Amino acid sequence: MQRPQPPHGTRLSIGFSMTKAVETVAKEFAKVRFMLIDSVVKANNVDSVVFKEQEGSYLVGLAAAMASKSQTVGFIGGKTTVVDYRERNTCPV
């Protein structure tokens with residue numbers, strides 16, 4: 001499976017915490033293309049990529065399961081968000 005690549009010359013930012021930074025630099029550098037994963041910035045030079053809440057978790061879980069040699073997968077959360085809380089407390093284990 002080949003990893004998708006952003007178009008040549010596109011600056012890539014990942015995570016909703018980067019939203020304000022992308023908004024700022026997109027205005028300052030109007031001729032540069034930006035791609036923001038997991039949030040939306042409404043600007044002509046920004047491509048926003050968002051997923052349904054469960055899609056990202058599913059793909060990470062799938063990748064972890066495929067890589068696991070012990071058939072055990074763990075989860076360590078780095079920042080508590082509504083999505084993290086909802087997923088950890090509603091998904092059957």
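The values are calculated or read from the model by the stated rules, or taken from the named source; none is laboratory data. Keep in mind that this is a model prediction, so the values were computed, not measured. Cβ sites come from the backbone with ideal geometry, for glycine too, and all protein chains shown count toward neighbours.
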Test for Lys27: is it of a type in the set (Lys, Arg) and either assigned to a loop (DSSP other than H, G, I, E, B) or modelled with pLDDT under 80 (or both): no
Val22 vs. criteria at pLDDT below 90, part of a helix (DSSP H, G or I) and β-branched (Val, Ile, Thr): no
Residues (under 15 Å from Ser13 (Cα atoms), among the hydroxyl-bearing types (Ser, Thr, Tyr) and assigned to a loop (DSSP other than H, G, I, E, B)) located in region 31-80: Ser39
Contacts under 9 angstrom Cβ, first residue in region 60-71 being free of Cβ contacts under 8 Å to residues at least 60 places away in the same chain, partner part of a loop (DSSP other than H, G, I, E, B) and small (Gly, Ala, Ser), 6 or more apart: Ala64/Gly74
